Amino acid sequence: MNFIDTADSYGPSVSEELIAAALYPYPDDLVLATKGGLVRPGPNRWEPDGRPSHLREACEGSLRRLRLEQIPLYQFHRPDPRVPLAESMGMIASLKDEGKIRHVGISNVTEDELREAQRIVPIVSVQNRFNATDRRSASMVDLCEQEQLTFLPWAPVQEADRNPAVAEAAQAHRASERQIVLAWMLASSSSILPIPGTGSVLHAEENIAAAGLELSPDEIAAIGKGA
């Protein structure tokens with residue numbers, strides 16, 4: 001495992017601080033990705049903030065907490081309906097020009113929003129909600145595959161129990177439903193890089209082991225048909 005995805009709003013700030021405390025100095029092959037543009041003013045409250053001034057502050061805060069001079073992948077967390085997307089992405093492009101960001105990603109977007117962002121700065125990844133039950137971003141997965149972009153599905157293992165084909169495959173492979181869903185994603189598209197969360201070493205090891213599962217074409221097709 002050499003890719004870690006986080007955000008300044010996770011905690012807020014706590015996730016980035018824990019990553020640095022645990023892993024700094026970082027291995028040469030580790031890619032750290034974080035996000036800015038979403039704030040967490042209280043429990044279960046998430047609000048977009050795409051103001052350029054906020055994005056600069058968020059990026060520079062992430063640099064400090066992660067102890068980095070340059071963020072390998074910085075993602076705009078969510079478009080803000082109060083701020084033109086061009087203004088938000090313009091600031092991220094400026095931060096990239098300043099050397100504070102190496103690559104740019106975008107999250108929770110439509111295809112039109114992706115295209116608008118691409119006109120401002122090169123985009124290497126898209127992070128939208130996608131799992132075995134919620135496949136509203138299936139067309140975005142296809143687009144990413146066609147254009148050689150990475151698709152980072154958030155909530156990849158949620159609602160796995162709502163897809164009966166997942167349960168059948170889990171029983172056949174003597175694996176957990178979460179592992180089956182991760183294996184299905186890896187087999188479904190070369191563009192998909194799942195980012196399952198974890199709260200323990202055991203859970204992390206279980207997630208990683210999913211990469212070794214080989215589903216049959218029939219199993220992949222059945223899971224893809226949905227709940």
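Here are the numbers for this structure:
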quantity	calculated
Cα centroid of the range 200-223 to Cα centroid of the range 58-80, whole Å	30
Antiparallel DSSP beta bridges within the chain, percent to nearest 5	15
Table column - 3J(HN,Hα) (Hz), the range 41-54, Karplus curve with 6.51, -1.76, 1.60, x for Gly and Pro	x, x, x, 6, 10, 10, 10, x, 9, x, 4, x, 5, 5
Computed magnitude of the charge dipole of the chain (debye, nearest 20; Cβ of K, R +1, Cβ of D, E -1)	500
Chain lengthening between residue 173 and residue 161 when straightened (0.36 nm per residue, less Cα-Cα)	2.7 nm
0 to 90° range, to nearest 10: angle between helix 85-97 axis and the chain longest Cα axis	80
Built amide H within the under 5 Å cut-off of residue 39, gap 5+	47, 49
Residue 110 paired with residue 64, simple spin-label distance in nm, labels 7 Å along Cα-to-beta-carbon	3.7
Extension reserve of the residue 203-residue 124 stretch, reckoned as 0.36 nm per residue once the Cα distance is removed	25.6 nm
Fully extended contour minus Cα-Cα distance, from residue 148 to residue 98, at 0.36 nm per residue	15.4 nm
Folded to 0 to 90 degrees: helix 177-188 orientation relative to the chain principal axis, Cα	80
Euclidean distance between Cα centres, the range 155-175 to the range 83-125, Å	35
Simple spin-label estimate for residue 23 and residue 190 in nanometres, 7 Å along Cα-Cβ	2.6
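Coordinate-derived values only; no laboratory data. Fair warning: this is a prediction, and the values are worked out from it, not measured in the lab. FYI the Cβ positions are ideal-geometry reconstructions off the backbone, even for glycines, and counts take in every protein chain you see.
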